[in-house]
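The values are calculated or read from the model by the stated rules, or taken from the named source; none is laboratory data. Just so we're clear, the structure is a prediction, and the values are computed from it rather than from any experiment. Neighbour counts are summed over all protein chains in view; Cβ atoms, including those assigned to glycine, are modelled from backbone coordinates with ideal geometry. Ligands, DNA and RNA are excluded from the accessible area calculation, which covers all protein heavy atoms including side chains. Shrake-Rupley method; radii C 1.70, N 1.55, O 1.52, S 1.80 Å.
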Amino acid sequence: MRNLFLASCAILLPIVAAPAMAQDAGPAPTDMSTTETRTVPATSFRGIRIEGNVGGDRFQSQGVHNDKLGYGGTIGFDGMIGNRIVIGPEGSYWRADGWTDNNTAVNGGTLSVRSFEEYGVAVRAGVLVTPQLLVFGKGGYVNNEQRSRFTAPLAQNSTYQHFGTDGYQVGGGAELSMANHFSGPLSGLYVSGQYVYSDYHDHTSRQRVMLGVGLRFK
């Protein structure tokens, strides 16, 4: 899954970056018969970004859930469409602190489902409410490593599985640029808050509410 994650980022980032870089190239004529030009308004919501995330994690399986602290990271690229639309791909990593186990009584035994790390690839799109505030939604693919163990009254009836399961993610949130408060390398600093739901297609799912701090490189 790590190789798929890295390969997807390597493929998606140049595809989305190309039109955005073309916009950044400078002013372009609006009419071939005149010298009038148009420019893309300056914005901090453009370029490669790296973000650290932390927040609440809820893993659900077999009708039960477990709430824990979680943390992870995101790498992405944002480009502009027009003056207010921001869009780009991102790759993400997430895990609950100490992993997460859900235990359920089944047929006289105990079913334990453990969730390990999650990798995701998504496309994020948003609207600039103000030059410093972006409201966005996103959707994409996720993979979660899991372990399922059934401990039966008779040891020979117990089972164990360790596997990866694929699914989808949807979410949304807001991002606030701190460009007005810092200069130099820190002019790309931003903070964010978001909610993400992941469905793993095996009757398990995850919800997370995250705060993030990131840096954008133009």
Could you list the chymotrypsin sites (Phe, Trp or Tyr not before Pro) in the stretch 95-150 that lie in coil according to DSSP, counting only those with at most 16 other Cβ atoms within 10 Å of their Cβ? Trp99
Please give the solvent-accessible surface of Asp101 in Å², to the nearest 10, using a probe radius of 1.4 Å with every protein chain present. 40
Measuring from label point to label point, each 7 Å out along Cα→Cβ, what is the Ser187 to Ile81 span in nm? 2.8
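Please give the net charge around Ile85, taking every other residue with its beta carbon less than 12 angstrom from that of Ile85, where Lys and Arg add +1 and Asp and Glu add -1.
Overall, the nearby charge balance is +2.
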Once all protein chains are kept in place, Ile75 shows an accessible area at probe 1.4 Å, nearest 10 Å², of 70
Exposure ranking of Leu211, Leu176, Leu134, Leu111 by accessible area [1.4 Å probe, largest first]: Leu211, Leu176, Leu111, Leu134
Pull up all non-local amide H partners of Ser158: gap of 5 or more, or a different chain, and H-to-H distance under 5 Å with H placed in the peptide plane. Ala152
18 Å reach of a label modelled at Ser158, 7 Å along Cα-to-Cβ, counting backbone N of the stretch 86-104: 101-104
Cut-off 19 Å (backbone N to label point 7 Å along Cα→Cβ of Ala174), residues of the stretch 49-77: 54-56
